[in-house]
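The values are calculated or read from the model by the stated rules, or taken from the named source; none is laboratory data. Since we're looking at a predicted model, the values are computed, not measured. Reconstructed Cβ throughout: ideal geometry from the backbone, glycine too, with neighbour counts over all protein chains shown. Note: areas computed on protein heavy atoms with side chains; ligands, DNA, RNA excluded. Shrake-Rupley method; radii C 1.70, N 1.55, O 1.52, S 1.80 Å.
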Amino acid sequence: MMVLLWGVSASAEESMQFDKYLGLLEGSPSLQMKLKTVEAAYYSVLSGVSVQRPQVSVQAGASWLSGQDTAGARLQNIKVSSVALVLGQRIDISGTFSLDERQRILSYEIARADFCSSVNSLLSQGEELWWSALLARENVVLQKDVLRQRSENHRVTMEKFRQQLVPRLDIVRSEAQVVEAESWVKEAEIAYANLLQQLSFLAGGVEVVPADEELRVPLFDLGEVDLERALATRPDVRAAHLNLERARLIKKLMAKGKTPTLDFGLQWTPWAEPELSTTPQKGEVGASLQLKIPILDGNKTKYEILNADSLVQAAEQGVLSVNDMARRDVAVAKNNWKRAAALEQDKKLQVERSDEELRITELMYLEGMGAQIDLINAQTANQAVRTDYINAVKEMYVALVELRRVTGDYAPTEEGTWKEALIRYGKGEHLSVRKDNRPRAEKSSHSSAPSKALRKKK
């Protein structure tokens, strides 16, 4: 019998599909902050290389000199003013311009790789929370089913007590079972509400209620997941290699600290008063070349080279560290998937056996052939194993999301487009956690789409 998920699902007007939630994540304030950081790094590159371009300015000045007393007579005060157009250009004779420009571009590429890493982390976190919320909502329905089951058993026990077939102790026990089930429902509802708040936080405060999903046991559909793939696609690995390349360029740049510099200058004076008071004079054009050969710089170049060399060594260790991290992440994620898949199979068998045990125990109790304590033990074990099965399936989804994260599947491509790596787990068997003894729920008349089903086969 199909059992529709309706008890805790939101109405169609309130529910949200995952693709819409993904769009909210891409526009979230935290991601936009990172994006603006990348934009700032881009403009920083443009401003940093501006010193390599010609510099043009207009210079205007005025001066006044009081006349001196000579032989009892005061000379006339001197007033000088001028306007000049000045052009300056540093000529690269040592190759520093290309090195400086390249290291600045690499700083932008590092910022972009860091942004991609943030996207990879945020979207993977969002999808993990999404699946966790769906499974938490299913757990709410499960716990309500347990409560319904125990309430019915309490009613039967009350009827037996009125017929003087069971002692008062059975009433106390069955009532305690109902109270315990009510607490489980409350805990499940709070856990689900907390996950919704986390989803909302990642989406920038927008209220998020996931639409009903036809939950299935996920299958592994990621192809070959290995270290080589992770090293080729992870943005943090790319950032580490870019940082090493930039550190080496900076070391070369620092080594040119005492190389000669050549500056070209051109100045035209369109106006001056008096006309001969400036150089060049009014209407004249002057050109200059200035060669500067450093001899002593207070050991500045020496220590800048040592500093850059230390940064190169640090960057080399950073590459080794991030490679080791990728190796660890891939190995742990693959082990977690194997564990989750094996655990799901184990819990599935336990659910089937526990359901059969509970069915027989309930039947024996109703017929007066079984003890209540046996029924309570069977109910408790059944609730625990059904809850564990939901958690096992959730761990399978989490493991798949983690496998995608450690291989960088959530990050933008090098062309800046988003990878198609999300929510691809719809090939497995239907999730089996429910009882079959409830009536089919009717679809709401105002719903634009049917609620999805979590199925259990007899």
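Write down the accessible area per residue of the stretch 90-214 in Å², having rolled a 1.4 Å probe over the full set of protein chains.
45 Å²
Counting other Cβ atoms within 10 Å of each Cβ, which GluC sites (Glu not before Pro) in the stretch 205-269 have at most 15 and sit in a DSSP loop?
Hits after loop and neighbour filter: Glu207, Glu214, Glu224.
Quote the Stokes-Einstein diffusion coefficient, in whole µm² s⁻¹, for the stretch 146-293, based on the Kirkwood radius over alpha carbon pairs, a temperature of 25 °C and a viscosity of 0.890 mPa s.
Estimated via Stokes-Einstein, D reaches 94 µm²/s.
Straight-line reach from Lys20: which aspartates and glutamates have Cα under 16 Å away, leaving out those fewer than 8 places along the same chain?
Filter leaves Glu127, Glu128, Glu207, Asp212, Glu213, Glu420.
Give me the accessible area of Ser118, 1.4 Å probe, in Å² rounded to the nearest 10.
That residue has around 30 Å² of solvent-accessible surface.
Once the Cα gyration tensor of the stretch 275-378 is found, what semi-axes does its equivalent ellipsoid get, as square roots of 5 times the eigenvalues, in whole Å, sorted largest first?
Output for the stretch 275-378: semi-axes of 88, 22, 12 Å.
For the stretch 243-348, which chymotrypsin sites (Phe, Trp or Tyr not before Pro) are both in a DSSP coil and crowded by at most 16 other Cβ atoms within 10 Å?
none
Sort the stretch 193-262 into rounded, prolate or oblate with this rule: let a ≥ b ≥ c be the square roots of the eigenvalues of the Cα gyration tensor; rounded if a/c is under 1.5, and if a/c is not under 1.5, prolate when a/b is larger than b/c, oblate otherwise.
oblate
In terms of modelled amide H atoms, which long-range or inter-chain residues lie less than 5 Å from the amide H of Trp271?
Amide H to amide H, under 5 Å and 5 or more residues apart or across chains, Trp271 pairs with Val83, Gly283.
Under a 5 Å amide H to amide H cut-off, with H placed in plane at 1.01 Å, what residues pair with Asp226 once short-range neighbours are removed?
Here nothing satisfies the definition.
Place a point 7 Å from Cα of Ala342 in the direction of its Cβ. Which residues in the stretch 215-245 have their backbone N less than 18 Å from it?
Flagged as within label range: 220.
If you wrap a convex hull around the alpha carbons of the stretch 328-410, what volume per residue comes out, as a whole number of Å³?
71 Å³
Give the Rg (one decimal place) followed by the Dmax (whole number) of the stretch 84-145, computed from C-alpha coordinates and expressed in Å.
Calculated on Cα positions, Rg and Dmax stand at 26.8, 89 Å.
Between Asp263 and Ser47, what length in nm is gained on full extension when 0.36 nm per residue of separation is reduced by their alpha carbon distance?
Between Asp263 and Ser47, full extension yields 75.8 nm more.
Using the structure shown, select from Lys144/Lys394; Lys34/Lys258; Lys144/Lys348 the pairs with a Cα to Cα distance greater than 30 angstrom.
Lys34/Lys258
Note down the net charge around Leu202, summing +1 for each Lys or Arg and -1 for each Asp or Glu among other residues with Cβ under 14 Å from its Cβ. It would help to have the intermediate numbers written out before the result.
On the way: positive: Lys20, Lys34; negative: Glu26, Glu127, Glu128, Glu207.
Net charge in that neighbourhood comes out at -2.
Report the full-extension gain for the segment Ile373 to Asn391: residue separation times 0.36 nm, less the Cα-Cα distance, to one decimal in nm. Could the numbers behind the result be given before it?
Working: separation 18, 0.36 × 18 = 6.48 nm, distance 2.72 nm.
Residue separation times 0.36 nm, minus the Cα-Cα distance, leaves 3.8 nm.
Leaving out ligands, DNA and RNA, what percent of the accessible area of the stretch 289-405 is carbon and sulfur, probe 1.4 Å?
Roughly 55 percent, rounded to a whole number.
Along its three principal axes, how long is the stretch 56-202 when you only count alpha carbons? Whole Å, largest extent first please.
Ordered largest first, the stretch 56-202 gives principal extents of 140, 47, 19 Å.
Using amide H atoms built 1.01 Å from N in the peptide plane, name the residues 5+ places from Met16, or on other chains, whose amide H lies under 5 Å from its own.
Val209, Ala211
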